[in-house]
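First comes the structure, then the notes that go with it.
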Amino acid sequence: MEKEQRLNELKIRNKLKKEAIEKWGMLPEEERTTTVKTGLFSFKREENHNKKRAFIEDYISEHLVDRLEREYDIKQNQ
């Protein structure tokens, strides 16, 4: 039983991670990237990996409990 619960939690976490990555991609470029100096007068925009990782972790934290409750409620009603 505990092994099944752990597997379900991992599946839910993976789904939430995919959702978070999709939502990250929908954010405006200015929120997702930072400006990096590449030369004396040139700059380019690069994805802010720390901010992305934090966004994904926060998204999972915000939604995990609700998803787990829904999942176990559905399984218990079956």
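Given H placed on each backbone N at 1.01 Å, which residues far from residue 33 in sequence or on other chains put an amide H within less than 5 Å of it?
48
How large is the accessible surface of residue 2 in square angstrom, using a 1.4 angstrom probe and rounding to the nearest 10?
140
Would you mind calculating the gained length between residue 8 and residue 46 on full extension (0.36 nm times residue separation, minus the Cα-Cα distance), in nm to one decimal?
Stretched fully, the residue 8-residue 46 segment lengthens by 10.2 nm.
For region 3-78, which whole percent of the accessible surface, found with a 1.4 angstrom probe, sits on carbon and sulfur atoms?
About 50 percent, which is the carbon plus sulfur part of the accessible surface.
Mind checking which of 54, 21, 34 is farthest towards the positive end of region 1-76's charge dipole, using Cβ charges of +1 (Lys, Arg) and -1 (Asp, Glu) about the Cα centre?
34
With each label point set 7 Å from Cα along the Cα-Cβ vector, what nm distance links residue 34 and residue 61?
Those two pseudo-labels are separated by 2.0 nm.
Taking the Cα centre of the chain as the origin, how large is its charge dipole in debye, to the nearest 20, when only Lys and Arg (+1) and Asp and Glu (-1) carry charge on their Cβ atoms?
It comes to approximately 360 debye.
Students often get this wrong, so try it: which of [x] 5.8; [y] 6.4; [z] 4.5 is mean projected area of the Cα convex hull in nm² as calculated from the structure shown?
[y]
Where does each of 42, 61 land when they are ordered by accessible area, with a 1.4 Å probe and the largest first?
The residues order as 61, 42, largest area first.
So with the 1.4 Å probe, I'd like the accessible area per residue for region 1-72, rounded to whole Å².
That works out to 79 Å² for each residue.
The values are calculated or read from the model by the stated rules, or taken from the named source; none is laboratory data. In this text the structure is predicted, and so the values were computed from the model without any measurement. So basically every Cβ, Gly included, is an ideal-geometry build from the backbone, and we count neighbours across all protein chains shown. Accessible surface areas use protein heavy atoms only, side chains included; no ligands, DNA or RNA. Shrake-Rupley method; radii C 1.70, N 1.55, O 1.52, S 1.80 Å.
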